[in-house]
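The values are calculated or read from the model by the stated rules, or taken from the named source; none is laboratory data. Source: prediction; values computed, not measured. For neighbour counting, all protein chains shown are included, and Cβ atoms are generated from backbone atoms with ideal geometry for every residue, glycine included.
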Amino acid sequence: MRLHWAHALSRGLWGGWGPSQAARSVSRHSSRPAGDPASGAPAWRDPPRDAQDSDRGPAAFAAALETLERIPGRRVGRLELVAAALAAMPALGVAREREAYHRLLRLLPRGPWVPRGPIQRLLAPFPQQQECGLQILEQMERYGVVPDAETRFLLLGVFGPRSRPVRKCQRMLYWLPRLRHVDPHPLPSVLPPPGLAAARLGLRRIANDPDARITVYQRPVPDEGDNEGSVEPYIVGERRGTQGNPGAQSPEQQELLARHGTARPVFVEGPFSLWLRSTQLWYYVLRGDPLPPHLREDPPDPERSLYYPLHLDLDLERGPWDDDDFDVDEVEEGPVFALCMAGAGDRRTLGKWIAGLQEANPVLGRTPVVFRLQDGDPPAGATGDPPTPPLGVVPPPSAVLEPPDLPRGYGHSTQGGGNKGNTAPGE
Amino acid sequence: MAATRGLLLRALRAARPGPVAFPAVRRLRTAAPRPAFAKELFLGTLRKEEVFPYPEISNEELAEINQFVGPVEKFFSEEVDSKKIDQDAKIPPETLKGLKDLGLFGMQIPEEYGGLGLSNTMYARLGEITSLDGSIAVTLAAHQAIGLKGILIAGTDEQKAKYLPRLASGEHIAAFCLTEPGSGSDAASIQTRATLSEDGKYFLLNGSKVWISNGGLASIFTVFARTEVVDKDGQLKDKITAFIVERDFGGVTHGKPEDKLGIRGSNTCEVHFENTKVPIENVIGEVGGGFKVAMNILNSGRFSMGSASAGMIKKLIGMMDRPGFPDCSVEAAMVKVFSSEGAWTCVSEALQILGGLGYMKDYPYERYLRDTRILLIFEGTNEILRMYIALTGMQYAGKILTDKIKEIKKGNVGVALGEALSKLRDMMGRKVDYGLVGDRGVVHPSLQESGKKLEENIYYFGTTVRGLLTRFGKTIVDEQLVLKRVADIIINLYAMTAAISRASRSISIGLRNHDHEVLLTNIFCTEAYFKNNYAMAQLQKYADENLDDCIKKAAKQVLEKRAYICSHPLDRTF
């Protein structure tokens, strides 16, 4: 009821500068697209241009509001003004700037919206106004802008202590700094464009083992006319010294491969996708199957340790209440020997990778390597020629080499893509 | 510390099969192998006849020891300039010659080969004096405690006759070559290789060894290398073999002496073998049996450490006693751990008391500190020895307790009830009686309190070991934090026993200042008692004091990043 007149004002019925007018002035500044309407990506996704650009940026926002700032004390349509400004901020590119929000908050009146007395506080005072404050804070939260002591001061002046916006501000001050550190493996804020650098980053994310070494196999750019200027297909391969479960104490990779034996094949599988925010990378895995249980661990050599026995010759097992080895979530996986990200996912490039690995692991030359590539998701730039089997490769699985059932949970590329998709924090 | 050695001595004297100077004492012992004292402690049994009364040597032996001690002490106080040795990082040749003349290079070699043929007590007593200078002590130890020990314990008569005389006179110095850059205690990763020649007359040795004491001075090396051996299944395997290698065989080179923190006078360097021809007569033991030889040498060489640290502390404060031999390998390890850590604490304290003066090179305290630091590291690092002590004890106890534990686990009602009843009685406060205290107790009445504490600890230790074996079984090998506590407890128990035994004897026969000994024993036993109780409380399941899981978690997080992961306290978030 009491807001009828405000609604009337908003429609500019009483003349004067209605809020729609104010909003129009704001949107006038933002409605000039400048340059990239066609790509379909919403304007706010683009990084803000520098402040000299008169169409965007904090200067534009300030310009939009300055008329209003110059006429303080107008008790007309502030709520709609704030709503319109909030909607326009992304377009202007100031959505991640705290100063812009402060400017907006300074437009709100200080005092009139503060409830007086506990009884008024009891009766849910100024609901729409407090809702408006909450909208501002909500937008700040969505864009990851952490409020400041000044924000809190402004809110206190406008809404008074113990009001919903101030409470929300307190909560934001508690949680948002914490949530910034919630990602144990944060991506750098500026990602490299898809290419060699992104591949390195991706490999480091997949296996962050300090012992692993990343090598780049790349043919030098030839001088022919056709291929001039193009980036040759590269492979960024990583040699891992670890087994499937991270943090396990493990032998060197050569020992792993050597122990794997030449009788059983190793598989090159892929491509699996990895998302780095909005870049999709494809990687391939060289892995072997897990050993059947009876071949698994050779009995400990009694002559290994000079100083203390590594193995007690007792007939006692661990009590079941102390045995926390079994974990339902952990899946048995065979050893992963190497990873790579290829610029072009055809057999030739992958063959080059295998050949490169062979230098460090001569045993790989004698082990049959089976290529199990998923042709459903070829990465961009795959050449059209049919895959030529590189050296030492056995053709795709025949009955003899039929592998056992893949352990449950071992993702194919479609599942892997779904699993690996990043979810933005707080959404 | 000394008392511990004394007990070791008794056990060793009894166990030693060789000729003992005093058959009178020997007749009291049977020659049948008895379970060792320390291993029995793991079952909660105290074999008091082995430790009470405290072992004594006869008057004649005492006189003989004192006869030896005199000239050696004189030599060390007059002609050994420790400061100069430390500064130059070299032992002067005159000093070496003096040591050779005194016969100190052949202390353990039997008289028929030209050595002194000292018993273990005398060796230990002299060891106390030689360790007044750390570098000389290490040189001598590397020569005889490990360098030529292989020939002594596992060599054939021809090898002994060929090498021991010259080693005893000091004409040749011996060194022990086991460690390589890639392998410390892991015998499986030894890379030095010995291949048999075509005519089968000699081996070709190739490889390099690192951190060899006396490497530059020695001319006779005990080298461990891999050889291919056909084992009984007919399979070709790589096993370790021990060789006696002379420098004259050719192909033996050594690097420059390492610059060390302490024991700077001792010569430590790399030794390289390039196609060295080793005749097959120089194999110690049998081909492929090097592992056993290495273990025996290391175990037997360990006891000399105790006397060395004792001697060193004696200089700073003034105290202690003697060690022993085979199958008391667990006791020897305990002695090594206890004495090295005790020595380190004492020397640190001494330096601290002196404050700034202690820190200056003008005074010898900093040299002692540096020399003492290596005690915790060589001859088996203390951590590894704790594993050894705990695991050997667990193996022994496990063998005996397996049946009982299996009965309990099977859920036999009668047995379970018995267990529950026993636990109830434990909680109510059971009275343990090992015969130490009381009317017929072997311990002197002044030490009743300490004796009672010891008995209590031993009983609870037995229960704890049983509990651990029930919980973990043979997977206890992986629970190193648990094993460390077990080792700490048993070392304390052994030390308490030794101290009580020695003080009891001392007050019973009226040695000078026996009341001081009794006082020290009571202090030590009370402290050890509380430490043991705390450790045993930590070993209970679901104990609040047990922080193992938290520590492991923190360690894992640090290891993942290989750095300190906390943010700086001055960082702000908003």
Search the stretch B:547-566 for residues being under 30 Å from the mean Cα position of the chain (by Cα) and among the aliphatic types (A, V, I, L, M), and hand back the single one that is farthest from the other protein chains (Cβ to nearest Cβ). B:LEU547
What about B:GLY70, is it assigned to a loop (DSSP other than H, G, I, E, B) and either over 26 Å from the mean Cα position of the chain (by Cα) or without any contact (Cβ under 8 Å) to a residue 12 or more places away in the chain (or both)? no
Among the listed residues B:ILE509, B:ILE565, identify the single one that is surrounded by fewer than 11 Cβ atoms within 10 Å (Cβ to Cβ) and among the hydrophobic types (A, V, I, L, M, F, W, C). B:ILE565
Listed by first then second residue, the pairs whose first member lies in the stretch A:300-320 and is within 7 Å of another protein chain (Cβ to nearest Cβ), whose partner is among the basic types (Lys, Arg), with beta carbons under 6 Å and at least 6 positions apart or on separate chains, are A:LEU310/A:ARG304; A:LEU312/B:LYS474; A:LEU314/B:LYS474; A:LEU316/B:LYS474; A:GLY319/B:ARG471
Kindly provide the set of residues from the stretch B:217-234 that are buried (at least 20 other Cβ atoms within 10 Å of the Cβ) and farther than 16 Å from B:LEU178 by Cβ, ordered by number. B:LEU217
Quick test for you: out of A:PRO192, A:PRO177, pick the one residue that is within 12 Å of chain B (Cβ to nearest Cβ) and either free of Cβ contacts under 8 Å to residues at least 60 places away in the same chain or within 20 Å of the chain's Cα centre (by Cα) (or both). A:PRO177
Give the residue, chosen from B:GLY150, B:GLY114, B:GLY134, B:GLY155, that is surrounded by 20 or more Cβ atoms within 10 Å (Cβ to Cβ), farther than 30 Å from B:VAL229 by Cα and in contact (Cβ under 8 Å) with a residue 12 or more places away in the chain. B:GLY134
Odd one out for B:LYS237 among (1) within 14 Å of another protein chain (Cβ to nearest Cβ); (2) exposed (fewer than 13 other Cβ atoms within 10 Å of the Cβ); (3) not acidic (Asp, Glu): (2)
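Residues checked against (1) more than 22 Å from B:ALA154 (Cα to Cα); (2) at pLDDT 90 or above:
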position: B:GLY184; (1), (2): yes, no
position: B:ARG193; (1), (2): no, yes
position: B:LEU205; (1), (2): no, yes
position: B:LYS232; (1), (2): yes, no
position: B:LEU236; (1), (2): yes, no
position: B:PHE243; (1), (2): no, yes
position: B:LEU261; (1), (2): yes, yes
Restricting attention to the stretch B:349-382, and to residues there that are among the acidic types (Asp, Glu) and not in a loop (DSSP other than H, G, I, E, B), which single residue is surrounded by the most Cβ atoms within 10 Å (Cβ to Cβ)? B:ASP371
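Table: residues versus (1) among the small types (Gly, Ala, Ser); (2) surrounded by fewer than 16 Cβ atoms within 10 Å (Cβ to Cβ).
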| residue | (1), (2) |
| --- | --- |
| A:ARG142 | no, yes |
| A:ASP148 | no, no |
| A:LEU154 | no, no |
| A:PRO165 | no, no |
| A:MET172 | no, no |
| A:VAL182 | no, yes |
| A:PRO192 | no, yes |
| A:ALA199 | yes, no |
Given the conditions (1) surrounded by 12 or more Cβ atoms within 10 Å (Cβ to Cβ); (2) under 30 Å from A:ASP209 (Cα atoms), and given that B:GLN538 satisfies all but one, which numbered condition is not satisfied? (2)
Of the numbered conditions (1) exposed (fewer than 12 other Cβ atoms within 10 Å of the Cβ); (2) within 14 Å of chain A (Cβ to nearest Cβ), B:ALA543 satisfies every one except a single condition; which is it? (1)
Condition check for B:ILE476: more than 14 Å from every other protein chain (Cβ to nearest Cβ) and buried (at least 21 other Cβ atoms within 10 Å of the Cβ): no
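To keep it simple, each residue is scored yes or no on (1) part of a loop (DSSP other than H, G, I, E, B); (2) closer than 23 Å to A:VAL94 by Cα; (3) within 14 Å of chain B (Cβ to nearest Cβ); (4) free of Cβ contacts under 8 Å to residues at least 60 places away in the same chain.
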{"residue": "A:LEU134", "(1), (2), (3), (4)": "no, yes, no, yes"}
{"residue": "A:GLN139", "(1), (2), (3), (4)": "no, yes, no, yes"}
{"residue": "A:GLY144", "(1), (2), (3), (4)": "yes, yes, yes, no"}
{"residue": "A:GLU150", "(1), (2), (3), (4)": "no, yes, yes, yes"}
{"residue": "A:ARG162", "(1), (2), (3), (4)": "yes, no, no, yes"}
{"residue": "A:PRO186", "(1), (2), (3), (4)": "yes, no, yes, yes"}
{"residue": "A:ALA199", "(1), (2), (3), (4)": "no, no, no, no"}
{"residue": "A:PRO210", "(1), (2), (3), (4)": "yes, no, yes, yes"}
Among the residues of the stretch B:367-409, which ones are within 10 Å of chain A (Cβ to nearest Cβ) and β-branched (Val, Ile, Thr)? B:THR381, B:ILE384, B:ILE389, B:THR392, B:THR402, B:ILE405
Select, from A:ASP324, A:ASP375, A:ASP329, A:ASP301, the only residue that is closer than 16 Å to A:PRO271 by Cβ, in a loop (DSSP other than H, G, I, E, B), charged (D, E, K, R) and modelled with pLDDT under 75. A:ASP375
List every residue pair whose Cβ atoms sit under 7 Å apart, with the two residues 6 or more apart in sequence or on different chains, where the first one lies in the stretch B:164-193 and is more than 14 Å from chain A (Cβ to nearest Cβ) and over 28 Å from B:ILE109 (Cβ atoms) and the second, anywhere, is of a type in the set (Asp, Glu) and surrounded by 19 or more Cβ atoms within 10 Å (Cβ to Cβ). B:GLN191/B:GLU180
Of the residues in the stretch B:559-574, those that are of a type outside the set (D, E, K, R) and outside any loop (DSSP other than H, G, I, E, B) come to B:LEU559
The number of residues in the stretch B:323-348 that are closer than 20 Å to B:ASP86 by Cα and surrounded by fewer than 24 Cβ atoms within 10 Å (Cβ to Cβ) is 2
Before we move on, is B:THR470 away from chain A (no Cβ under 14 Å) and hydroxyl-bearing (Ser, Thr, Tyr)? no
